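The values are calculated or read from the model by the stated rules, or taken from the named source; none is laboratory data. Computed from a predicted structure; not experimentally measured. Positions of Cβ are backbone-derived with ideal geometry, glycine not excepted, and every protein chain shown enters the neighbour counts. The protein model used for the area step is the full one, side chains on, heavy atoms only, and it has no ligands, DNA or RNA in it. Shrake-Rupley method; radii C 1.70, N 1.55, O 1.52, S 1.80 Å.
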Amino acid sequence: QVHLVESGGGLVQAGGSLRLSCAASGSILSINAMGWYRQTPGKERELVARITSSSTTTYADSVKGRFTISRDNDKDTVYLQMNSLKPEDTAVYYCNAEVASYSRGIYQSYWGQGTQVTVSS
């Protein structure tokens with residue numbers, strides 16, 4: 001079994017910063033890509049940023065230049081540094097990871113429980 005646990009969400013004023021963390025744990029053989037998605041009520045979950053095992057990154061246009069994704073492979077953890085936050089960044093942020101477990105041996109997609117980020121104007 002694999003678990004993803006997020007932390008770091010909260011309430012911040014516009015222009016402020018937050019750092020999200022997501023740690024994977026369990027019977028992990030290998031982790032491929034890791035990423036952050038966000039969702040607001042009535043809307044589909046959207047990609048915010050993604051990082052491959054070789055540290056190639058992808059960002060949504062709306063966060064380019066403001067958000068930075070990184071990962072620590074020794075800790076099986078992915079981070080999202082969010083700067084210059086805007087009210088429209090308000091959402092529940094979900095961590096995602098493509099993980100191969102010892103029991104299955106194939107990559108499967110796992111999700112965290114989500115963490116609320118609220119940016120006040």
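In this structure, is Q108 out of contact with any helix residue (DSSP H, G or I) (no Cβ under 8 Å at 6 or more places or on another chain), assigned to a strand (DSSP E or B), open to solvent by 40 Å² or more (accessible area, probe 1.4 Å) and farther than 19 Å from H3 by Cα?
When the stated conditions are applied, Q108 does not pass them.
Of all residue pairs spaced 6 or more apart or on separate chains, those with beta-carbon atoms under 8 Å, a first member in the range 1-29 that is farther than 17 Å from L85 by Cβ and free of Cβ contacts under 8 Å to residues at least 60 places away in the same chain and a second member that is open to solvent by 60 Å² or more (accessible area, probe 1.4 Å) and assigned to a loop (DSSP other than H, G, I, E, B) are A23/K75.
Could you check how many residues of the range 53-88 are in contact with a strand residue (DSSP E or B) (Cβ under 8 Å, 6 or more places away or on another chain) and touching a residue at least 40 places away in the same chain (Cβ under 8 Å)? Going through the range 53-88 one residue at a time, the tally reaches 13.
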